[in-house]
Amino acid sequence: MVSVKAVLEGDRRELARLLTLVENDEPKGRAALNELYPHTGKAHLVGITGAPGTGKSSFTNQLARVYRNPAGETAPQRVAIVAVDPSSPFTGGALLGDRVRMKDHSGDPGVFIRSMASRGAVGGIARATTAVTQVLDAAGYEAILVETVGAGQSEVEIARLAHTTIVVEAPGMGDDIQAIKAGILEIADILVVNKADLPGAEKTEQVLRTSLHMGAGTRGPALPSGEVWTPTVLKVQSLNPVGINEAYDLIQDHRGYLQRTGEWQRRDRERLDSELEDLLKAELFRRWVDVKSEINWQAALDALYARERSPYQTVEILLKQSSDHS
Amino acid sequence: MPEPKIRILIAKPGLDGHDRGAKVVARALRDAGMEVIYTGLRQTPEMVAEAALQEDVDAVGLSILSGAHMGLVPKIMELLKQNGMDGVHVFLGGIIPDEDVPALTACGVDAVYGPGTSTEKIVADVRAACLAGAN
């Protein structure tokens, strides 16, 4: 049995074991989450997303380094990194390789890195990623960096989870039409052009700036305070490293903005709303499946396969049968 | 209840830079449905033990071709134990002389695989060891 008390007191072994239970959605994990919930809501959740190969892991690694060694008088923060990589749709297996870029933190008890497989979720993070961040939050990590799977255009789940979303781009990843398509660029609070030493970095930066400029003022309703966050484009290099302190400062600026304007609370509630909705849907479906032995499931499927009834009609029939039995 | 997900760390401790074998094994374990955490080259024993702890893996696969296994492996075993991970299964692959194998298994290594071992055997061994402990 995992000790919630030990997790709250900073026991890393117990924390790691609890994360496994939570990731597998085991009853013991749920029980622990219930106990930990009052301790959550403190951490700054920072999402890091972008296409495969843009350098998300290397950037995350460098960012964590600045959290541990901030410039000036700022106190170091404890950082957790949750790095998500895709699961195979065929075997369920996964190769989680983000740690390869995150070797700089070995021996630092203020950094905790956990790899997660997406396990069939398609939004860029795993279904259990939210719960995993809650455990890390309760365990006292002040900043939680969530690195998504290599994301294309529509893996935008991270924006629901994170307070601050960073989209990492690299030079040569597409023209100005790509930049005005809907999707991943819209969710960016901060846009990072990584590998800025490569040719084409200026062009990429310029295209992104133009795209942001075109969309200025169209991002959601104005806040009561009238204050608006304008996403910034920042060139960085994660291997050398260059520009990482500036990225860190921007993240802190964004956090300040969220807290000043009430956006922090609004996003927190929005996240909890959608989490509750997801859980409720899953639970209702599970309970409904429990009663489905009462209904003629196979006959409904046969009619569907034979093109006698459409999926819509099948749903109607199944729901009617189950309500007759309840 | 589906089979519990097996999580395994594949690590290359020491200074040799040949990770082809580690990658082939990692790929085979992935294709067998496991979640494989790959750490990359030149890991110290401390880095391996810490990654195993944070990732809460069921097994650790070590690949060593430098000849330093008699120094590295006992150190890793000791650190795993210090971290409270006595239950984790450890597999070793690489260039390991036969006469070293008894000492390595005595310090807790589940199995040692030399060149030519089939990936099917490794997958089967890892699965058997991890699932035996799970229930």
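Inside the stretch A:68-121, can you point out the residues that are hydroxyl-bearing (Ser, Thr, Tyr), within 22 Å of B:GLY33 (Cβ to Cβ) and part of a loop (DSSP other than H, G, I, E, B)?
Keep residues of the stretch A:68-121 that are hydroxyl-bearing (Ser, Thr, Tyr), which gives A:74, A:87-88, A:91, A:106, A:115, A:118.
Filter once more, so that each one left must be within 22 Å of B:GLY33 (Cβ to Cβ): A:87-88, A:91, A:115, A:118.
Across the stretch A:68-121, the qualifying residues are A:SER88, A:THR91, A:SER118.
Looking at A:ASP108, A:ASP137, A:ASP104 in this structure, which one is in contact (Cβ under 8 Å) with a residue 24 or more places away in the chain, open to solvent by 10 Å² or more (accessible area, probe 1.4 Å) and closer than 28 Å to A:GLU270 by Cα?
Details: A:ASP108 fails: closer than 28 Å to A:GLU270 by Cα; A:ASP104 fails: closer than 28 Å to A:GLU270 by Cα.
Result of the check over A:ASP108, A:ASP137, A:ASP104: A:ASP137.
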Selection within the stretch A:58-93 - open to solvent by 10 Å² or more (accessible area, probe 1.4 Å) and among the hydrophobic types (A, V, I, L, M, F, W, C):
A:ALA71, A:ALA75, A:PHE90
Output the qualifying pairs, or none if there are none: Cβ atoms under 8 angstrom, residues six or more apart or on different chains, first residue in the stretch B:32-54 and more than 7 Å from chain A (Cβ to nearest Cβ) and in contact (Cβ under 8 Å) with a residue 40 or more places away in the chain, second residue open to solvent by less than 20 Å² (accessible area, probe 1.4 Å) and part of a helix (DSSP H, G or I).
B:ALA52/B:LEU80
How do the pairs read when you match residues in the stretch A:19-40 that are without any contact (Cβ under 8 Å) to a residue 24 or more places away in the chain with residues anywhere that are aliphatic (A, V, I, L, M) and surrounded by 14 or more Cβ atoms within 10 Å (Cβ to Cβ), using Cβ under 7 Å and keeping only pairs 6 or more apart or on different chains?
A:LEU21/A:VAL2; A:LEU21/A:ALA32
All but one of (1) without any contact (Cβ under 8 Å) to a residue 12 or more places away in the chain; (2) more than 9 Å from chain B (Cβ to nearest Cβ); (3) under 21 Å from B:LYS23 (Cβ atoms) hold for A:ALA83, so report the exception by its number.
(1)
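When only residues in the stretch A:122-140 that are in a loop (DSSP other than H, G, I, E, B) and over 20 Å from A:GLU155 (Cβ atoms) count, which is farthest from the other protein chains (Cβ to nearest Cβ)? Even if it seems obvious, please write down each step before you answer.
Step one: list which residues in the stretch A:122-140 are in a loop (DSSP other than H, G, I, E, B), which gives A:122-128, A:139-140.
Then drop every residue that is not over 20 Å from A:GLU155 (Cβ atoms), which leaves A:139-140.
Details: A:ALA139: 12, A:GLY140: 15 Å.
Among them, the one singled out is A:GLY140.
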Criterion first (open to solvent by 40 Å² or more (accessible area, probe 1.4 Å) and either in contact with a Ser or Thr (Cβ under 8 Å, 6 or more places away or on another chain) or touching a residue at least 12 places away in the same chain (Cβ under 8 Å) (or both)) does B:ALA103 satisfy it?
yes
Matching residues, the stretch A:15-34, being open to solvent by 10 Å² or more (accessible area, probe 1.4 Å), closer than 10 Å to B:ASP56 by Cβ and within 9 Å of chain B (Cβ to nearest Cβ)
A:ARG17, A:THR20, A:GLU23
With the first residue restricted to the stretch A:268-286 and required to be touching a residue at least 40 places away in the same chain (Cβ under 8 Å) and of a type in the set (S, T, N, Q), and the second required to be part of a helix (DSSP H, G or I) and surrounded by 10 or more Cβ atoms within 10 Å (Cβ to Cβ), Cβ contacts under 7 Å at 6 or more apart or on different chains are A:SER274/A:ARG160
Qualifying positions in the stretch B:5-26 - assigned to a loop (DSSP other than H, G, I, E, B), closer than 26 Å to A:SER118 by Cα and open to solvent by 60 Å² or more (accessible area, probe 1.4 Å):
B:LYS5
Only residues in the stretch B:61-89 that are within 14 Å of chain A (Cβ to nearest Cβ) count as the first member; pair them with residues that are exposed (fewer than 14 other Cβ atoms within 10 Å of the Cβ) and at pLDDT 95 or above, Cβ under 8 angstrom, at least 6 apart or cross-chain, and list the lot.
none
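The values are calculated or read from the model by the stated rules, or taken from the named source; none is laboratory data. Everything numeric here is computed off the predicted structure, so don't read it as measured data. Virtual Cβ from ideal backbone geometry, glycine too; neighbours counted across all protein chains shown. SASA here: full protein model, heavy atoms, side chains in, ligands and nucleic acids out. Shrake-Rupley method; radii C 1.70, N 1.55, O 1.52, S 1.80 Å.
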